[in-house]
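Trainee: Structure provided below as structure tokens; questions to follow.
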Amino acid sequence: MASTSGAAQVLVASNRGPVSYQVRDDGSLHAKRGGGGLVSGLSAIGPDAGALWVCSALGDGDREAVRRGIGEDGVRMLDIPAEVHADAYNGIANSVLWFVHHMLYQTPLEPVFDAEFRRQWASYETYNRAFAEALAAEAAEGAAVIVQDYHLVLVPGMLRELRPDLRIGHFSHTPWAPPEYFRMLPDDIARAVLRGMLGADRLGFLTRRWADAFTACCEAFAGGVGDTRIGVHGLGADADFLRRRAHEADVEERMTALRAEIGEGRKAIVRVDRTELSKNIVRGLLAYRQLLADHPEWRERVAHVAFAYPSRQDLAVYRDYTAEVQRLAAEINDEYGTADWTPVVLHVKDDFARSLAAYRLADVALVNPIRDGMNLVAKEVPVVSDQGCALVLSREAGAHEELGEDAVTVNPYDIVGTADALHRALTMPLSERADRTKRLTAAATALPPAQWFLDQLTALTGQSGS
Ligand code: F6P
């Protein structure tokens, strides 16, 4: 892969990169490789394609790696000052743009766009500029650059000014807010966000709904989308990887342990999420409690296996949400638990092998986000499930556009409705469950990560004209 200045032909830019470093007790650095759609997507173009991934150093280990000149081929990590990164990532990206696109504000008291917000916005500009400058320095003449997500919305516009020769794309992994919500942002900030994005030749979204919302915002606040092309690429599950990984020995071990926790002969309602406000884990627990209240016949015959892995713990509202998930799970266990039945099996420590084990065992998967760009769990469970699994799916998840027909659809705010959906999913005949799982799997794997990435690249470099 390219590492010399100005040589890269294909560049991606994202806040979180494919590798992270930790300082060990003896002072040495330990590298950990991450997964996900972009990692497998980028591997599709092969080692000779001249690809470079530009990302930010996130923690002390990453910064130390940059300072010691340690890195991986094809990855350039930017040592952006920790305070600037914290303002940009925690302050603006995760506390403002994420909240706007997922419509998470409790509006009587928030948002408050005060002087502190303006100070953090200046850091967000600095952080975006650091990416634009690094990309401008690394890209070969006429190279293709695909910028990722809400962390970097200003980069396309900044990069266009520095390097008009480049083909610039941007891909949003989140929803996009409708104009009525987006207009909560101060007018100049709303325009800066849209103009930054419109610096790209082409913008990609996960579903038509989010693409249309973006277009509507541009029409309302930026005089339209101009020459920028807009496309939809619904990232799918990586079936080959998941099926292989889900049958390794560590997953089998976790299945044995999980079966013991669930208890012999009981059905499992499974959810696997980051502990993320938009994932709606608390209402999922309330719906499960409602199910046990409305349908006493399920008591001792079902367990809710809920994995809620730590995320964004620098933000107080995420720490509070994590505590509420744990409190409510304990309350349900106190209320309904018996000597040999734990109604909620909650795990909060990230363990990919255990997630796959739960996918394989699931009778019902509960995916009830308030709003979600796609939600890959909804796509992964049917692929991995051993005996077919009923999918209870929020109509506000991007995945609903592709999976809605074979899922049991829920309004994520409706606790009674979600409890009823869980009951219907639990009582779905096994043959129907298996048939639906086959169709869900086909839809979920229609656009695997490699093709998802190649399609964007082809469209950006003009070979398809879309
Ligand atoms: O687009 C949302 C996203 O950036 C995903 O790509 C990722 O799974 C998630 O948020 C995790 O975010 P963070 O990098 O903040 O942990």
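Trainee: Given the criterion touching a residue at least 24 places away in the same chain (Cβ under 8 Å), in contact with a helix residue (DSSP H, G or I) (Cβ under 7 Å, 6 or more places away or on another chain) and away from the ligand (no atom under 16 Å from the Cβ), identify the matching residue among ALA136, ALA140. Show your work before the answer.
Mentor: Values: ALA140 fails: in contact with a helix residue (DSSP H, G or I) (Cβ under 7 Å, 6 or more places away or on another chain).
Answer to the selection: ALA136.
Trainee: Being farther than 30 Å from ALA446 by Cβ, among the aromatic types (Phe, Trp, Tyr) and not assigned by TED's automatic domain parsing to the domain that holds ILE92 narrows it down to one of TYR359, TYR318, so name that one. It would help to see each step written out before you state the result.
Mentor: On the way: TYR359 fails: farther than 30 Å from ALA446 by Cβ.
Being farther than 30 Å from ALA446 by Cβ, among the aromatic types (Phe, Trp, Tyr) and not assigned by TED's automatic domain parsing to the domain that holds ILE92 holds for just one of TYR359, TYR318, which is TYR318.
Trainee: Of these, ALA239, ALA246, which one is buried (at least 20 other Cβ atoms within 10 Å of the Cβ) and in contact with a helix residue (DSSP H, G or I) (Cβ under 7 Å, 6 or more places away or on another chain)? Spell out how you get there, then give the answer.
Mentor: Working: ALA239 fails: buried (at least 20 other Cβ atoms within 10 Å of the Cβ).
Exactly one of ALA239, ALA246 is buried (at least 20 other Cβ atoms within 10 Å of the Cβ) and in contact with a helix residue (DSSP H, G or I) (Cβ under 7 Å, 6 or more places away or on another chain), namely ALA246.
Trainee: Further question: Scan VAL317, VAL282, VAL232, VAL272 and give me the residue that is β-branched (Val, Ile, Thr), open to solvent by 50 Å² or more (accessible area, probe 1.4 Å) and within 18 Å of ASP372 (Cα to Cα).
Mentor: Values: VAL317 fails: within 18 Å of ASP372 (Cα to Cα); VAL282 fails: open to solvent by 50 Å² or more (accessible area, probe 1.4 Å); VAL272 fails: open to solvent by 50 Å² or more (accessible area, probe 1.4 Å).
From the options VAL317, VAL282, VAL232, VAL272, the qualifying one is VAL232.
Trainee: Can you name the strands (runs of 3 or more DSSP E) wholly within segment 201-309 that have at least 2 residues being within 26 Å of PRO449 (Cα to Cα), of a type outside the set (Phe, Trp, Tyr) and assigned by TED's automatic domain parsing to the domain that holds PHE352? Lay out the reasoning, then the answer.
Mentor: Values: elements: 202-205, 229-232, 267-274, 302-309.
Here the list reads 267-274.
Trainee: Let me ask something else. Of LEU29, LEU58, which residue is closer than 24 Å to TYR150 by Cα and open to solvent by less than 60 Å² (accessible area, probe 1.4 Å)? Reasoning before the result, please.
Mentor: On the way: LEU29 fails: closer than 24 Å to TYR150 by Cα.
Within the list LEU29, LEU58, the selection yields LEU58.
Trainee: Could you check how many residues of segment 146-160 are assigned to a helix (DSSP H, G or I), more than 16 Å from the ligand (Cβ to nearest atom) and open to solvent by less than 40 Å² (accessible area, probe 1.4 Å)? Before you say what the answer is, go through the steps one by one.
Mentor: The first filter runs over segment 146-160 and keeps only residues assigned to a helix (DSSP H, G or I), leaving 150-152, 155-160.
Next, from what is left, pick out any that are more than 16 Å from the ligand (Cβ to nearest atom): 156-160.
Filter again for open to solvent by less than 40 Å² (accessible area, probe 1.4 Å), leaving 156-159.
Result for segment 146-160: 4.
Trainee: Out of the residues in segment 338-358 meeting the condition of being open to solvent by 30 Å² or more (accessible area, probe 1.4 Å) and farther than 19 Å from SER311 by Cα, tell me which one is farthest from the chain's Cα centre (by Cα).
Mentor: Taking the candidates together, the pick is ALA339.
Trainee: Among ASP435, ASP414, ASP386, ASP372, which is charged (D, E, K, R) and open to solvent by less than 50 Å² (accessible area, probe 1.4 Å)?
Mentor: Values: ASP435 fails: open to solvent by less than 50 Å² (accessible area, probe 1.4 Å); ASP414 fails: open to solvent by less than 50 Å² (accessible area, probe 1.4 Å); ASP386 fails: open to solvent by less than 50 Å² (accessible area, probe 1.4 Å).
Among ASP435, ASP414, ASP386, ASP372, only ASP372 is charged (D, E, K, R) and open to solvent by less than 50 Å² (accessible area, probe 1.4 Å).
Trainee: In segment 164-200, which residues are open to solvent by less than 10 Å² (accessible area, probe 1.4 Å), part of a helix (DSSP H, G or I) and more than 25 Å from GLN9 (Cβ to Cβ)?
Mentor: Of everything in segment 164-200, those that are open to solvent by less than 10 Å² (accessible area, probe 1.4 Å), part of a helix (DSSP H, G or I) and more than 25 Å from GLN9 (Cβ to Cβ) turn out to be PHE182, ILE189, ALA190, VAL193, LEU194.
Trainee: Let me ask you something else. I'd like to verify a number: residues in segment 113-122 that are assigned to a helix (DSSP H, G or I) and open to solvent by 40 Å² or more (accessible area, probe 1.4 Å), how many?
Mentor: Residues of segment 113-122 assigned to a helix (DSSP H, G or I): 115-122.
If we keep only those that are open to solvent by 40 Å² or more (accessible area, probe 1.4 Å) as well, we get 115-116, 118-119, 122.
Residues that pass the stated criteria total 5.
Trainee: For segment 123-145, give me the residue count where each residue is outside any helix (DSSP H, G or I) and farther than 17 Å from TRP53 by Cβ. Talk me through it step by step, then tell me what you get.
Mentor: Here is the first cut: in segment 123-145, the residues outside any helix (DSSP H, G or I) are 139-145.
Restricting the remaining residues to those that are farther than 17 Å from TRP53 by Cβ gives 141-142.
Within segment 123-145, residues that are outside any helix (DSSP H, G or I) and farther than 17 Å from TRP53 by Cβ number 2.
Trainee: Restricted to segment 320-337, and to residues that are touching a residue at least 40 places away in the same chain (Cβ under 8 Å) and under 30 Å from GLY91 (Cβ atoms), which residue is most open to solvent (accessible area, probe 1.4 Å)?
Mentor: GLU324
Trainee: So is PHE221 open to solvent by 40 Å² or more (accessible area, probe 1.4 Å) and either touching a Phe, Trp or Tyr at 6+ places or on another chain (Cβ under 8 Å) or within 16 Å of the ligand (Cβ to nearest atom) (or both) or not?
Mentor: Working: open to solvent by 40 Å² or more (accessible area, probe 1.4 Å): yes; either touching a Phe, Trp or Tyr at 6+ places or on another chain (Cβ under 8 Å) or within 16 Å of the ligand (Cβ to nearest atom) (or both): yes.
Against the criterion (open to solvent by 40 Å² or more (accessible area, probe 1.4 Å) and either touching a Phe, Trp or Tyr at 6+ places or on another chain (Cβ under 8 Å) or within 16 Å of the ligand (Cβ to nearest atom) (or both)), PHE221 qualifies.
Trainee: Further question on the same structure: Here are the criteria: (1) buried (at least 21 other Cβ atoms within 10 Å of the Cβ); (2) within 28 Å of PHE352 (Cβ to Cβ). Tell me which single one ALA8 does not satisfy.
Mentor: (2)
The values are calculated or read from the model by the stated rules, or taken from the named source; none is laboratory data. Worth saying up front: this structure is predicted, and the values here are computed from it rather than measured. Cβ: placed from backbone, ideal geometry, glycine included. Neighbour counts: every protein chain shown. For accessibility, only protein heavy atoms count, side chains too; no ligands or nucleic acids. Shrake-Rupley method; radii C 1.70, N 1.55, O 1.52, S 1.80 Å.
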